Amino acid sequence: MAMMTMNKSAIVSQLAQVRVLPILVTDDVDQAIRCVTTLAENGLPAIEITLRTPNAMTVLREVVKACPTVTVGAGTILTPAHLDAVRNAGAAFGISPGITPTLAKAAQESGLTYFPGVGGASDLMLALEHGFDVVKLFPSDLVGSVKMAKALGGPFPQVKFCLTGGVTVEMTPSLLQQSNVLCVGGSWMCPANLIATNDWSTIANLARLAAQAGK
Ligand code: 3PG
């Protein structure tokens, strides 16, 4: 499916099906394209590219161009300017590690499919005030992971969570059993050391295992 045509519900449906969202941190365009292609060919067709490196916006733009069948999202969105920039770079969606009133308002107005980060009930109430009912629980392992998602499901039954931060392939199947967990996100299938050494066969193997853990 071409990225440009995907609206929020198509993206959420894809995440509900794949259930594992790789998180890529790299500053090298060629390695990013190779990595995203490898992940997609091995069962992971959606990706979050973080804005944590100086060249990240170029990486994002070039991956979007080179991988039209991959759902390419942008992570580490911290400011309204980031929202504009990733939309111009062609990102299918944006993700933040947290939420602020300024960013939530800008995201709501931008029309970009957006998943704010939450660490608890107050963050979630702010997200819902701005219409965001699919959120990233971050850092998942430190704020309670699946137990937190389950507890928040009481007052907020309409919300779905992407658990991110400290997730491993081993824990993925059990996290995904919780009914309000949409998906998990993580960098374990594309770690910096394997990208730096162009170890695409190991990344392919880790992607297959991650995709399998999501089934
Ligand atoms: C993120 O950006 O969400 C996290 O860095 C991903 O967490 P992980 O590296 O622990 O998988």
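The values are calculated or read from the model by the stated rules, or taken from the named source; none is laboratory data. Keep in mind the model is a prediction, meaning the values are calculated, not measured. Backbone-built Cβ (ideal geometry, glycine too); neighbour counts: all protein chains shown. Ligands, DNA and RNA are stripped out before the accessible areas are found, and what is left, the full protein with its side chains, is counted by its heavy atoms. Shrake-Rupley method; radii C 1.70, N 1.55, O 1.52, S 1.80 Å.
Taken about its Cα centre, segment 141-215 carries a charge dipole of roughly 280 debye when the Cβ of each Lys and Arg holds +1 and the Cβ of each Asp and Glu holds -1. The overall shape of segment 1-85 is oblate: from the C-alpha gyration tensor, with semi-axes ordered a ≥ b ≥ c, the ratio a/c is 1.5 or greater and a/b is no larger than b/c. Of the residues Ile95, Thr50, Gly144, the one whose Cα sits farthest towards the positive end of the charge dipole of segment 1-160 is Gly144 (charges of +1 on Lys and Arg Cβ, -1 on Asp and Glu Cβ, taken about the Cα centre).
Can you classify the chain as rounded, prolate or oblate using the Cα gyration tensor, where a ≥ b ≥ c are the square roots of its eigenvalues, rounded means a/c under 1.5, and otherwise it's prolate if a/b beats b/c and oblate if not? Cα axes put the chain in the oblate bin. By the rule of a C-alpha distance below 23 Å, with chain neighbours fewer than 8 residues away ignored, the lysines paired with Lys8 are Lys65, Lys105, Lys136, Lys160, Lys215. The fraction of accessible area contributed by carbon and sulfur in the chain is 56 percent, rounded to a whole number (1.4 Å probe; ligands and nucleic acids excluded). Rolling a 1.4 angstrom probe over the protein heavy atoms with all chains in place gives segment 64-215 an accessible area of 42 Å² per residue. Between Ser174, Ser187, Ser96, the Gaussian network model of the chain with springs among Cα atoms under 10 angstrom shows the greatest mean-square fluctuation at Ser174. Could you tell me whether segment 48-103 comes out rounded, prolate or oblate from its Cα gyration tensor? Rule is a ≥ b ≥ c as square roots of the eigenvalues, rounded for a/c under 1.5, then prolate if a/b exceeds b/c, otherwise oblate. Here segment 48-103 falls in the prolate category.
If the only charges are +1 at each Lys and Arg Cβ and -1 at each Asp and Glu Cβ, what is the size of the charge dipole of segment 87-191 around the Cα centre, to the nearest 20 debye?
Charge dipole, segment 87-191, about its Cα centre: 60 debye, nearest 20.
A Förster radius of 22 Å, combined with the Cβ-Cβ distance separating Asp84 from Asp141, puts the computed FRET efficiency at roughly 0.10. The charge dipole of the chain, taken about its Cα centre with unit charges on the Cβ atoms of Lys, Arg (+1), Asp and Glu (-1) only, comes to about 400 debye.
Annotation: Leu194 carries an accessible surface of approximately 20 Å², with a 1.4 Å probe and no ligand, DNA or RNA atoms counted.
Calculated on the Cα set of segment 102-215, radius of gyration then Dmax: 15.6, 46 Å. One chain, two ends: Thr102 and Thr69. Fully extended at 0.36 nm per residue, the span grows by 8.6 nm beyond their Cα-Cα distance. So, in Å, what gap is there between the alpha-carbon centers of segment 10-48 and segment 101-161? That distance is 22 Å.
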